[in-house]
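Chemist: Sharing a structure below in structure tokens format, with a few things to ask.
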Amino acid sequence: MWNKLVNLTGCTGAADVLSCMRAVDTAKFTAAVNASAGHFGPVYDGDFVETQNSVRLQAGNFVKMLFLLVGGMPNTAGTTHFTKI
């Protein structure tokens, strides 16, 4: 996948491919990703990303926090506050 993106962005012959890729503008990079027919998403390695989020959610394996949306006054409407349980 990486080599295909490097090729599609025109960075194949660059002396520093990573620097070239970082310099690619958004439109060109988006076009390359779309043309590559690749998939970008998490890689489940069993260590850092153990499994799919849906599996973790069903198992109750997530950080449990109370989420409060506080608003009503013009100066605080739409603000959020997070409190750990």
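Chemist: If you go through segment 8-22 one residue at a time, do you hit one that is surrounded by 11 or more Cβ atoms within 10 Å (Cβ to Cβ), in a helix (DSSP H, G or I) and among the small types (Gly, Ala, Ser)?
Modeler: The answer is no; no qualifying residue exists.
Chemist: Of everything in segment 27-67 that's among the aliphatic types (A, V, I, L, M) and surrounded by fewer than 10 Cβ atoms within 10 Å (Cβ to Cβ), which residue is modelled with the highest pLDDT?
Modeler: Ala27
The values are calculated or read from the model by the stated rules, or taken from the named source; none is laboratory data. Bear in mind that the values here come from a model prediction, so they are computed numbers and not experimental data. Here Cβ is always computed from backbone atoms with ideal geometry, including for glycine, and neighbour counts include all displayed protein chains.
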